[in-house]
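The values are calculated or read from the model by the stated rules, or taken from the named source; none is laboratory data. Given the structure is predicted, the values throughout are model-derived calculations rather than measurements. In this analysis, Cβ positions are derived from the backbone assuming ideal geometry, glycine residues included, and neighbour counts consider all displayed protein chains. For the accessible areas, the whole protein counts, side chains as well, though only heavy atoms, and no ligand, DNA or RNA atoms are used. Shrake-Rupley method; radii C 1.70, N 1.55, O 1.52, S 1.80 Å.
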Amino acid sequence: MLAANFLNLQADLEMINRSDADWLHLDVMDGVFVPNISFGFPVLKQVASYCKKPLDVHLMIENPDKFIREVSGLGAMMMNVHQEACLHLHRTIQQIKEAGMKAGVTLNPATPVSMLKDIIRDVDMVLLMSVNPGFGGQKFIPHTLEKVRELRNLIEQVGSETLIEVDGGVNLETGKQLREAGADVLVAGSFVFKSAHPEETILQLKNL
Ligand code: ZN
(Lines give C-alpha, C1' and ligand atoms only; values in the text may rest on other atoms or scores of the structure.)
Protein backbone atom coordinates (compact mmCIF):
# COMPACT_ATOMS: atom_id res chain seq x y z
CA MET A 1 0.00 0.00 0.00
CA LEU A 2 3.07 2.22 0.38
CA ALA A 3 2.79 3.34 -3.25
CA ALA A 4 -0.95 4.12 -3.08
CA ASN A 5 -2.42 7.62 -3.34
CA PHE A 6 -2.90 8.62 0.30
CA LEU A 7 -5.14 11.52 -0.74
CA ASN A 8 -7.55 9.05 -2.27
CA LEU A 9 -6.89 5.83 -0.49
CA GLN A 10 -10.49 4.72 -0.87
CA ALA A 11 -10.20 4.56 -4.66
CA ASP A 12 -6.99 2.54 -4.45
CA LEU A 13 -8.52 0.16 -1.91
CA GLU A 14 -11.53 -0.31 -4.17
CA MET A 15 -9.12 -1.21 -6.98
CA ILE A 16 -7.39 -3.73 -4.68
CA ASN A 17 -10.75 -5.19 -3.63
CA ARG A 18 -11.80 -5.63 -7.28
CA SER A 19 -8.42 -7.03 -8.32
CA ASP A 20 -7.04 -10.57 -8.24
CA ALA A 21 -4.51 -9.63 -5.54
CA ASP A 22 -4.44 -12.28 -2.82
CA TRP A 23 -3.40 -10.03 0.06
CA LEU A 24 -2.78 -6.36 0.87
CA HIS A 25 0.78 -5.75 2.14
CA LEU A 26 1.18 -2.89 4.62
CA ASP A 27 4.61 -1.38 5.41
CA VAL A 28 4.69 0.24 8.84
CA MET A 29 7.85 2.33 9.51
CA ASP A 30 8.87 3.97 12.77
CA GLY A 31 11.71 6.32 11.75
CA VAL A 32 14.05 4.36 14.10
CA PHE A 33 14.49 0.89 12.62
CA VAL A 34 14.28 2.43 9.15
CA PRO A 35 15.07 6.02 8.10
CA ASN A 36 11.46 6.90 7.26
CA ILE A 37 7.96 7.02 8.77
CA SER A 38 4.97 5.68 6.82
CA PHE A 39 1.63 5.34 8.63
CA GLY A 40 0.37 4.09 11.97
CA PHE A 41 -2.65 2.45 13.55
CA PRO A 42 -5.27 5.18 12.91
CA VAL A 43 -4.67 4.71 9.17
CA LEU A 44 -4.34 0.92 9.44
CA LYS A 45 -7.69 0.65 11.26
CA GLN A 46 -9.51 2.47 8.49
CA VAL A 47 -7.76 0.46 5.79
CA ALA A 48 -8.61 -2.78 7.62
CA SER A 49 -12.27 -1.83 7.83
CA TYR A 50 -12.47 -1.12 4.09
CA CYS A 51 -10.16 -3.73 2.56
CA LYS A 52 -11.67 -7.11 1.69
CA LYS A 53 -8.30 -8.84 1.18
CA PRO A 54 -6.36 -10.53 4.01
CA LEU A 55 -3.87 -8.09 5.54
CA ASP A 56 -0.14 -8.88 5.44
CA VAL A 57 1.34 -6.42 7.95
CA HIS A 58 5.09 -5.78 7.71
CA LEU A 59 6.43 -3.97 10.76
CA MET A 60 9.68 -2.18 9.97
CA ILE A 61 9.94 -1.08 13.56
CA GLU A 62 11.95 -1.60 16.75
CA ASN A 63 10.27 -3.74 19.42
CA PRO A 64 7.43 -5.09 17.29
CA ASP A 65 6.41 -7.29 20.28
CA LYS A 66 4.76 -4.22 21.78
CA PHE A 67 2.22 -4.08 18.96
CA ILE A 68 1.11 -7.71 18.63
CA ARG A 69 -2.25 -6.98 20.24
CA GLU A 70 -2.85 -3.91 18.05
CA VAL A 71 -2.02 -5.77 14.84
CA SER A 72 -4.21 -8.69 15.88
CA GLY A 73 -6.99 -6.18 16.65
CA LEU A 74 -6.91 -5.11 13.00
CA GLY A 75 -7.89 -8.65 12.05
CA ALA A 76 -4.54 -9.09 10.27
CA MET A 77 -3.87 -12.47 8.68
CA MET A 78 -0.05 -12.21 8.88
CA MET A 79 2.32 -10.22 11.08
CA ASN A 80 5.90 -9.87 9.80
CA VAL A 81 8.65 -8.81 12.19
CA HIS A 82 12.29 -8.19 11.35
CA GLN A 83 14.82 -10.72 12.57
CA GLU A 84 17.14 -7.76 13.18
CA ALA A 85 14.59 -6.09 15.48
CA CYS A 86 13.82 -9.10 17.71
CA LEU A 87 16.22 -10.19 20.42
CA HIS A 88 13.89 -13.03 21.45
CA LEU A 89 12.56 -14.02 18.06
CA HIS A 90 11.22 -17.42 19.14
CA ARG A 91 9.08 -15.82 21.86
CA THR A 92 7.83 -13.13 19.48
CA ILE A 93 6.81 -15.79 16.93
CA GLN A 94 4.93 -17.76 19.59
CA GLN A 95 3.12 -14.64 20.79
CA ILE A 96 2.05 -13.70 17.26
CA LYS A 97 0.58 -17.19 16.80
CA GLU A 98 -1.11 -17.11 20.19
CA ALA A 99 -2.74 -13.85 19.09
CA GLY A 100 -4.35 -15.80 16.22
CA MET A 101 -2.15 -14.60 13.35
CA LYS A 102 0.32 -16.26 11.04
CA ALA A 103 3.92 -15.35 11.90
CA GLY A 104 6.38 -13.99 9.36
CA VAL A 105 10.07 -13.17 9.81
CA THR A 106 11.74 -10.59 7.59
CA LEU A 107 15.41 -10.40 6.62
CA ASN A 108 17.17 -7.24 5.45
CA PRO A 109 19.40 -7.59 2.35
CA ALA A 110 22.56 -7.94 4.50
CA THR A 111 21.15 -10.60 6.85
CA PRO A 112 22.02 -14.16 5.77
CA VAL A 113 19.36 -16.85 5.35
CA SER A 114 21.37 -19.07 7.73
CA MET A 115 20.21 -16.86 10.64
CA LEU A 116 16.85 -18.65 10.37
CA LYS A 117 18.16 -22.21 10.66
CA ASP A 118 16.90 -22.74 14.21
CA ILE A 119 13.55 -20.98 13.80
CA ILE A 120 12.41 -21.94 10.29
CA ARG A 121 10.09 -24.75 11.49
CA ASP A 122 8.14 -22.26 13.61
CA VAL A 123 7.70 -19.63 10.93
CA ASP A 124 4.73 -19.45 8.52
CA MET A 125 6.53 -17.16 6.08
CA VAL A 126 9.94 -15.61 5.50
CA LEU A 127 9.94 -12.18 3.89
CA LEU A 128 13.17 -11.41 2.07
CA MET A 129 13.81 -7.72 1.52
CA SER A 130 15.13 -7.20 -2.01
CA VAL A 131 15.81 -3.51 -1.30
CA ASN A 132 16.88 -1.80 1.92
CA PRO A 133 13.66 -1.10 3.83
CA GLY A 134 12.43 2.45 4.28
CA PHE A 135 11.37 3.69 0.86
CA GLY A 136 9.22 2.53 -2.04
CA GLY A 137 10.30 2.55 -5.66
CA GLN A 138 13.84 1.20 -5.19
CA LYS A 139 15.83 -1.01 -7.54
CA PHE A 140 15.86 -4.79 -6.99
CA ILE A 141 19.05 -6.26 -5.47
CA PRO A 142 19.91 -9.28 -7.74
CA HIS A 143 21.60 -11.22 -4.91
CA THR A 144 18.08 -11.80 -3.52
CA LEU A 145 17.65 -14.57 -6.12
CA GLU A 146 20.46 -16.56 -4.49
CA LYS A 147 18.88 -16.00 -1.09
CA VAL A 148 15.52 -17.33 -2.36
CA ARG A 149 17.22 -20.50 -3.64
CA GLU A 150 19.11 -20.94 -0.35
CA LEU A 151 15.93 -20.42 1.66
CA ARG A 152 14.02 -22.88 -0.55
CA ASN A 153 16.73 -25.49 0.20
CA LEU A 154 16.55 -24.81 3.94
CA ILE A 155 12.74 -25.15 3.93
CA GLU A 156 12.94 -28.42 1.99
CA GLN A 157 15.65 -29.79 4.29
CA VAL A 158 13.48 -29.39 7.38
CA GLY A 159 10.26 -30.29 5.53
CA SER A 160 8.35 -27.21 6.67
CA GLU A 161 5.62 -25.44 4.70
CA THR A 162 7.06 -21.97 5.23
CA LEU A 163 6.23 -19.56 2.41
CA ILE A 164 8.85 -17.34 0.77
CA GLU A 165 7.79 -13.73 0.15
CA VAL A 166 9.89 -11.05 -1.55
CA ASP A 167 9.43 -7.30 -1.14
CA GLY A 168 11.15 -4.52 -3.12
CA GLY A 169 11.70 -3.73 -6.78
CA VAL A 170 9.27 -6.42 -7.97
CA ASN A 171 8.14 -6.07 -11.60
CA LEU A 172 7.38 -8.58 -14.37
CA GLU A 173 11.07 -9.22 -15.04
CA THR A 174 12.31 -9.60 -11.43
CA GLY A 175 9.03 -11.31 -10.51
CA LYS A 176 9.61 -14.01 -13.12
CA GLN A 177 13.16 -14.58 -11.87
CA LEU A 178 11.90 -14.78 -8.29
CA ARG A 179 9.20 -17.31 -9.17
CA GLU A 180 11.81 -19.45 -10.95
CA ALA A 181 14.10 -19.23 -7.92
CA GLY A 182 11.30 -20.52 -5.68
CA ALA A 183 9.43 -17.51 -4.27
CA ASP A 184 5.76 -18.07 -3.33
CA VAL A 185 4.57 -14.53 -2.65
CA LEU A 186 5.52 -11.32 -4.47
CA VAL A 187 4.94 -7.85 -3.02
CA ALA A 188 4.55 -5.10 -5.60
CA GLY A 189 4.04 -1.43 -4.78
CA SER A 190 5.09 1.19 -7.31
CA PHE A 191 4.92 -1.28 -10.19
CA VAL A 192 1.19 -1.75 -9.55
CA PHE A 193 0.10 1.70 -8.41
CA LYS A 194 2.12 3.64 -11.02
CA SER A 195 0.88 1.36 -13.78
CA ALA A 196 -1.70 2.67 -16.28
CA HIS A 197 -3.86 -0.41 -15.62
CA PRO A 198 -3.15 -1.59 -12.06
CA GLU A 199 -5.67 -4.46 -12.06
CA GLU A 200 -4.20 -5.84 -15.27
CA THR A 201 -0.68 -5.50 -13.84
CA ILE A 202 -1.72 -7.48 -10.76
CA LEU A 203 -3.10 -10.22 -13.00
CA GLN A 204 0.12 -10.28 -15.04
CA LEU A 205 2.19 -10.65 -11.85
CA LYS A 206 -0.08 -13.45 -10.66
CA ASN A 207 0.34 -15.32 -13.93
CA LEU A 208 4.16 -15.36 -13.77
ZN1 ZN B 1 6.97 -4.76 3.12
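Results, tabulated for the structure shown:
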read-out	value
Share of carbon and sulfur in the accessible heavy-atom surface of the chain [1.4 Å probe, %]	49 percent
Chain lengthening between ARG69 and GLU14 when straightened (0.36 nm per residue, less Cα-Cα)	17.1 nm
Distance from segment 104-157 to segment 29-79 (C-alpha centre basis), Å	20 Å
Whole-number accessible area per residue in Å² for the chain, which is evaluated in the context of all protein chains at 1.4 Å	49 Å²
Candidates per trypsin sites (Lys or Arg not before Pro) in segment 84-185, loop by DSSP, up to 12 other Cβ within 10 Å	LYS117, LYS139
Label zone at GLU62 (point 7 Å along Cα-to-Cβ), backbone N below 19 Å, segment 88-102	88-89, 92
Flagged links, alpha-carbon separation over 18 Å, of LYS176/LYS206; LYS139/LYS194; LYS53/LYS206; LYS147/LYS206; LYS102/LYS206; LYS97/LYS147	LYS147/LYS206; LYS102/LYS206; LYS97/LYS147
Phi-based couplings in Hz for segment 109-122 (Karplus 6.51, -1.76, 1.60; Gly and Pro marked x)	x, 8, 8, x, 4, 4, 4, 9, 3, 8, 10, 4, 5, 8
